[in-house]
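Some notes on the structure that comes next.
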Amino acid sequence: MLRAASGPREEAFTIAVKVIPSAPGNRFAGYQGKELVVKIAAPPEKGKANKELIAFFSKSLGISKSGVALLRGETSHHKLLSLPLSSREALERILSPE
């Protein structure tokens, strides 16, 4: 679920994400309820999956890694990310069924 957010950063929106670590590769895997499911190749140890999640969103959306903020869920599969509002259309294009 995408929601507008405001704060000290540039205008942003938040998205609830369910991460499945140790997957064969990185990919968006649709929605489960209100969470976007993202499969990440890195294992869930010492922050590796979180770092790869941030790098995956950054590369997929064409934004800097610093533009992706993990707001909640550092040690959980259920996370809340903040992304720049300027990347919202790119994410919607990636997630829209063709």
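Taking the condition of being part of a strand (DSSP E or B) and free of Cβ contacts under 8 Å to residues at least 40 places away in the same chain, how many residues in segment 45-93 meet it? Talk me through it step by step, then tell me what you get.
Within segment 45-93, the first condition is being part of a strand (DSSP E or B), and the residues that meet it are 69-72, 78-84.
In the following step, the residues that additionally are free of Cβ contacts under 8 Å to residues at least 40 places away in the same chain were identified as 70, 72.
Residues meeting the conditions: 2.
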Inset, instruction - Output the residues belonging to segment 51-86 that are at positive phi and surrounded by 14 or more Cβ atoms within 10 Å (Cβ to Cβ). - result: GLY73
Inset, instruction - Name, by its number, the condition in (1) part of a strand (DSSP E or B); (2) under 12 Å from the mean Cα position of the chain (by Cα) that does not hold for TYR31. - result: (2)
Legend entry - Candidate set: segment 2-28, residues that are in a loop (DSSP other than H, G, I, E, B) and at pLDDT 55 or above; chosen: the one nearest to ALA55 (Cα to Cα): ASN26
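The values are calculated or read from the model by the stated rules, or taken from the named source; none is laboratory data. Because the structure is predicted, anything quoted here is derived from the model rather than measured. When we count neighbours, we look across all protein chains shown, and the Cβ atoms used for this are built from the backbone with ideal geometry, even at glycine.
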